[in-house]
1. Condition test on E207, is it in the same structural domain as V132 (by TED's automatic domain parsing), closer than 30 Å to D264 by Cα and either out of contact with any Lys or Arg (no Cβ under 9 Å at 6 or more places or on another chain) or in a helix (DSSP H, G or I) (or both)?
2. Name the residues in the stretch 195-214 that are among the hydrophobic types (A, V, I, L, M, F, W, C) and buried (at least 16 other Cβ atoms within 10 Å of the Cβ), would you?
3. Can you tell me how many residues in the stretch 83-135 are over 19 Å from R277 (Cα atoms), among the polar types (S, T, N, Q) and surrounded by 14 or more Cβ atoms within 10 Å (Cβ to Cβ)?
4. Can F192 be described as in the same structural domain as I226 (by TED's automatic domain parsing), surrounded by fewer than 19 Cβ atoms within 10 Å (Cβ to Cβ) and assigned to a loop (DSSP other than H, G, I, E, B)?
5. Quick one: is A217 touching a Ser or Thr at 6+ places or on another chain (Cβ under 8 Å), surrounded by 13 or more Cβ atoms within 10 Å (Cβ to Cβ) and without any contact (Cβ under 8 Å) to a residue 40 or more places away in the chain?
6. Looking at the stretch 223-243, I want the residues that are assigned by TED's automatic domain parsing to the domain that holds M302 and free of Cβ contacts under 8 Å to residues at least 40 places away in the same chain and have a partner that is crowded, with 20+ Cβ neighbours inside 10 Å and assigned to a helix (DSSP H, G or I) with Cβ atoms under 9 Å, at least 6 apart or on another chain. Which pairs are those?
7. Does A252 fit the bill of being touching a residue at least 24 places away in the same chain (Cβ under 8 Å) and in a helix (DSSP H, G or I)?
8. Scan the stretch 172-189 residue by residue and report those that are among the small types (G, A, S), surrounded by 13 or more Cβ atoms within 10 Å (Cβ to Cβ) and more than 25 Å from the chain's Cα centre (by Cα).
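The values are calculated or read from the model by the stated rules, or taken from the named source; none is laboratory data. What you see is a predicted model, and the numbers here were worked out from it, not measured in a lab. Cβ atoms come from the backbone with ideal geometry, glycine included; neighbour counts cover every protein chain shown.
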Amino acid sequence: MASTGTAGTPVRQVPGLPEDAAGQGDRPIDPNRPPLDERRPGGRTGRRVRRAVVIALLVVMSFVFLYPFAWLLAASLKGRGQVFDNSLWPSEFHWDNYVRVFDELPLGNWMINSVGIAVLAAVTVAVSSSLVAWGFAHFRFPLRGPLFGLVLATMMLPGAVTMIPIYLIWKELGFLGTWVPLFGANLFGSAFYIFLQRQFYLGLPRELFEAARIDGASQWKTYWRIAFPLSLPSFIIVLLFEFQASWNNLQAALIYLNAGSPEDFTAPLGIAYAMTRYSPTAGGQGDYQYVMVASLLVTLPMLALFAFGQRYFIEGVATQGRKG
């Protein structure tokens, strides 16, 4: 079947193709005619069903992820003996828990210690890893490939293998009971962060650095004025990752700070200490509502941090996608 185009030229009708796509000719278009996708069997209905299924899955998954936080919030507002009743709505709200927790526990000291250690750990590992990554990405030197492979091979070592040797090193240096073991190793970088930032540097055009060298820029100025600003998303991602890892690091604090005063604990170690303190088996009264308040308050800084750094995550992913 064929139809006539606007200039009188016959237009062949392709089998299986709707008339709309074959050319209208001089035939007027019916304004009341439904769109093509609605004339297909199950067009609009199918789209509505698929959208409803997607929304339902998102609601279910959101509930799964938000339920622990909602339970923690509800437990922090309950009284003693009602903390573990699994109710998301307290029978009586104890707002004074958020005031009394600072009298019961040195929570302010724990937060300050955690923030200080996390900032030191994040900054030191981000800076050192960035410099090492720049060296592997920009410079050409003998055995560069094997050395980089050796750096990556360190990621295959379980932490339990190096735990005792590292502890003995810090003991011989006299840093037990201080903050130094909790961030000191970051001065030498991290294999994963070196790999991450090296990939960003490799995606930068070398013509920029060659032009800078022609203009008389030193190697340091080339890195600091050109490479580092362009790779800022990767640097901030490393900061966020390491800040979170240090903030949640219970094991290192348990090894190096557990022998000191409770005021010197970090937030994770302090919460573990509070769980033991309020346990009835250890002579406590079961005041776990203060532990829930402390756990909730310790979570809030991380939520704020990732809300601030969300756009850098998106920018980093988009940058990697453009490279690919």
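1. no
2. Listed by number, the residues that qualify are F195, L196, F200, L204, F209, A212.
3. Within the stretch 83-135, residues that are over 19 Å from R277 (Cα atoms), among the polar types (S, T, N, Q) and surrounded by 14 or more Cβ atoms within 10 Å (Cβ to Cβ) number 6.
4. no
5. Against the criterion (touching a Ser or Thr at 6+ places or on another chain (Cβ under 8 Å), surrounded by 13 or more Cβ atoms within 10 Å (Cβ to Cβ) and without any contact (Cβ under 8 Å) to a residue 40 or more places away in the chain), A217 does not qualify.
6. From residues that are assigned by TED's automatic domain parsing to the domain that holds M302 and free of Cβ contacts under 8 Å to residues at least 40 places away in the same chain, the pairs are L230/F200; L230/Y201.
7. yes
8. Selection gives G177 alone.
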